[in-house]
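Below is one structure; the comments refer to it alone.
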Amino acid sequence: RPPRSTLMRSSAASDVYKRQEYGAYDVRRIALNAFLAADADGSGSIDFGEFCNWALADPMVTDFFATHAAVFGAHDDDDALGADNVQVAVAGVRAFAAQSGYRPLPLAELAAQLAAVPRAPDGSLHADQFAALVAPLFPAATRSADEQRELSDAIFGAMDADDSGSLDAGEVLCALNLLCSGDAEGKARACFAAFDADQSGSLDRAEFLQLFVTTLVRSRALLEELMGSFVGEDFDAASADMIALAKVNAYRAEALAAQAFEEADDDNSGSVDVDEFVRFAAESAAFKNLFSTHSLVFGVLEQQQE
């Protein structure tokens, strides 16, 4: 007789799920049923989108991905979004603006330029295309062409988390959200469009997860790394003026994304349309903070001029 396997399951639909033991045959049957549920198009294989949709909908799987937070994240329970856990040095922001010749432009203006940039069939941009796109943000002659390219390559590299040599539309949007001005609703709509990969007018669970992680986790890391690179070696964070920004706990991102998806899906259609997302973003503390990033960070430059 093969050894018995033990599964522990919890579900939001029930307060109590007791420990259950399954034989090897039962485990195979459960795995087969799970595969069939995930294989939405009946192709006999599961692609990334199908896996994300299935994983975010299955309570046992979301519990699995939330294991670290459940075990080690008890101290974060009062603030699941990890508010104010990204600290950006004011000195770094001022040095960035002075050394790069940075000049903010409205997001709508660069979004229009982005739409006109020739891209790969999958909509991605390479480093040369990205450099040309953000060039209007750094028009001053305080840096050489090589130095300006080094700056755009640094931003590009920080967003290219998988070292693929290209950025998808969502990753580009994150960089522009940081560097461009604009109202929150306009940024929310641009963000939605960037992650609506199939241009269906709605985000499925996989697209929503990618939006959530890219904007609320990776873009914060970009901001922290970029501005941190402009502070001097003698910088003392303990005594310096800092800008506090909210950030989603990376270990809890999947579980939080699943929760956010349910909150945003007002009509329980299994997808989130643009109006639902704009409404949700206007009420979500994390997204309100995200779409206010430019004014929160670069507002110190206006204060300096005053």
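FYI, it's all coordinate maths here, none of it is from the lab. As the structure is a computational prediction, the values presented were derived from the model and not from experiment. All Cβ positions, glycine included, derive from the backbone under ideal geometry; neighbour counts span all protein chains shown.
Between Ala116 and Ser144, the modelled labels are 3.1 nm apart [label points 7 Å from Cα along Cα→Cβ]. The length gained on full extension between Glu263 and Arg29, counted as 0.36 nm times the residue separation minus their Cα-Cα distance, comes to 81.0 nm. Using alpha carbons only, how many angstrom separate the centre of the range 204-231 from the centre of the range 238-306? After rounding, the separation between the Cα centres reads 11 Å. Assign one of three labels to the range 146-265, namely rounded, prolate or oblate, based on the Cα gyration tensor with a ≥ b ≥ c the square roots of its eigenvalues; rounded applies when a/c is under 1.5, prolate when it is not and a/b is larger than b/c, and oblate otherwise. Here the range 146-265 falls in the prolate category.
Here is the list for the range 196-275: GluC sites (Glu not before Pro) lying in DSSP coil, each with at most 12 other C-beta atoms within 10 angstrom of its C-beta, are Glu233.
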